[in-house]
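See below for the structure under consideration.
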Amino acid sequence: MVLSPREVHLFEGSRGRLEAIAYRLLGSAGDAEDAVQDTFLRWQAADRAHIETPEAWLTKVLTNVCLNQLTSARARRETYVGRWLPEPVLAGDRMLGPAETAEQRESVSMAVLTLMERLSAKERVVYVLREAFGYTHGEIARILDVTEANCQQIYRRAKQHVASDRVRVEVDAAATRRIVEEFLAAALSGDTEPLVTLLTDDAVSVADGGGKVPARTTPIVGALRIARFLRGVFKPSTAKQTAVQEVLGGSSAMYAVVANGGPAVLAVVGERVVGVLHLDVTADGVAAIRIQANPEKLAHVTRQWAAAEHGEPVVTVW
């Protein structure tokens, strides 16, 4: 069925909200875009004259599309090489959605998106719609075709699974650059002590290469072990410089950015993002480092970066 200009405008007016919901549910910008496009095709094919509340209809359809994707995604992740981490998104992207409250900002953090992997598909839907978008339990129950009491139970379970005793420190753009500069200075110092000072004693470092690029398949736990690992990674050498030049075609420039609401190091060669190193900052120091190096999960952030204005890198290495 051909869409009228009004119906196209109505959908496009909802696209940002739908993308933000889908990204939180799926942890992938690419999959979120696919889910929204699938929802658009279903909107186009629907008998729209009988849809009383388009926003509710679109949310329900998108949710069902995401539920199907989550089911298949869990099957794929059983054979995923190494650790699975969410796909990073830079500040300013509408996919990050509302950010007026601490709960909304926290719901799109790398820490919470990672923790949400513990949830069942329905728990994830209830948590996201309630915590980040303020849907009532009654509204969510109608979307999922469950009772309101059941929805409340699902929400309580989800909150328990996602709960963390870590309190993240929210930082602005200026603080982000200071944190990244300090981190990179410590990593490039050739000594472990500056890094150990920045990290919490029980810090964790996790990397996602997806089997596409070399990356540790197991987490590194403890400040000293992480410091030793990072000292080796950042230590300059002729072999590394040659490898980067041959494989990537240039030197790697490190930028300070805000990704998913937190400070991150963006590694860029030319206009191509080759890695995002996210720092989970708490009052006690950096509690977690999440490194996204899977090229398939860097396509969206590369497009963001290429379209944005950016200043000078913090440092250029290799």
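Computed extension length for Thr101-Ala149: 14.7 nm, one decimal, from 0.36 nm per residue of separation with the Cα-Cα distance subtracted. For the chain, set up a Gaussian network in which alpha carbons nearer than 10 Å are linked by springs, and say which option among Leu198, Leu266, Leu25 fluctuates the most. Largest GNM mean-square fluctuation: Leu198.
Largest first, how would Asp208, Asp172, Asp31 line up by accessible area (1.4 Å probe)? Please report the intermediate quantities before stating the final value.
Working: Asp208 0, Asp172 90, Asp31 45 Å².
Largest accessible area first, the residues go Asp172, Asp31, Asp208.
The modelled label-to-label distance between Leu41 and Ala283, using points 7 Å beyond Cα along the C-beta direction, is 5.0 nm.
Seen against the Cα atoms of the chain and their longest principal axis, helix 54-77 is set at about 50 degrees.
Give the distance, in whole Å, between the Cα centre of the stretch 262-303 and the Cα centre of the stretch 79-143. That distance is 18 Å. Taking 0.36 nm per residue of sequence separation and removing the Cα-Cα distance, the Thr238/Met1 pair yields an extension gain of 79.2 nm. Solvent-accessible area of Glu181, all protein chains in place: 80 Å² (probe radius 1.4 Å, heavy atoms, ligands and nucleic acids excluded).
Run down the lysines and flag those whose C-alpha is under 18 Å from the C-alpha of Lys297, throwing out any fewer than 8 positions away in its chain. Filter leaves Lys212.
To the nearest ten degrees, helix 223-234 and the longest principal axis of the Cα atoms of the chain are 80 degrees apart. To the nearest 10 degrees, how steeply does helix 148-162 sit against the main Cα axis of the chain, on a 0 to 90 scale? Compared with the principal axis, the helix lies near 0 degrees.
Think of a 1.4 Å ball rolled over the protein heavy atoms: the chain then has 47 Å² of accessible area per residue.
Remark: relative contact order (the chain) = 18 percent; criterion is Cα-Cα distance under 8 angstrom and separation of 6 or more residues. With R₀ set to 30 Å, the beta-carbon distance separating Leu115 from Thr136 gives a calculated FRET efficiency near 0.80. Checking (i) 20.0, 63; (ii) 23.6, 103; (iii) 20.8, 67 against Rg and Dmax of the Cα atoms in Å calculated from these atoms, the matching label is (iii).
Put Asp93, Asp284, Asp38 in order of accessible area, highest first, and with a 1.4 Å probe you get Asp284, Asp38, Asp93. Stretched out straight at 0.36 nm per residue, the stretch from Val204 to Leu67 would grow longer than its current Cα-Cα span by 46.3 nm. Annotation: Lys212 carries an accessible surface of approximately 120 Å², with a 1.4 Å probe and no ligand, DNA or RNA atoms counted.
Suppose R0 equals 45 Å; then what is the FRET efficiency for Tyr80 and Ala185 from their Cβ-Cβ distance, rounded to the nearest 0.05? Could you put the intermediate results ahead of the total?
Numbers: r = 34 Å, r/R0 = 0.75.
For R0 = 45 Å, the calculated efficiency reads 0.85.
Per-residue surface analysis assigns Tyr127 an accessible area of about 20 Å², computed on protein heavy atoms at 1.4 Å probe radius.
Could you order Glu148, Glu309 so the one with the most accessible surface comes first? Probe is 1.4 Å. Walk me through the numbers on the way to the answer.
Working: Glu148 100, Glu309 185 Å².
Reading off the accessible areas and sorting them downward yields Glu309, Glu148.
As a calculated quantity, the FRET efficiency between Lys159 and Arg225 at R0 = 41 Å, using C-beta atoms, amounts to about 0.80.
The apolar share of the surface of the chain, taken as the fraction of accessible area on carbon and sulfur atoms (1.4 Å probe, ligands and nucleic acids excluded), comes to 52 percent.
The values are calculated or read from the model by the stated rules, or taken from the named source; none is laboratory data. Because the structure is predicted, anything quoted here is derived from the model rather than measured. Heads up, the Cβs are rebuilt from the backbone with ideal geometry, glycines too, and the neighbour counts pull from every protein chain shown. The protein model used for the area step is the full one, side chains on, heavy atoms only, and it has no ligands, DNA or RNA in it. Shrake-Rupley method; radii C 1.70, N 1.55, O 1.52, S 1.80 Å.
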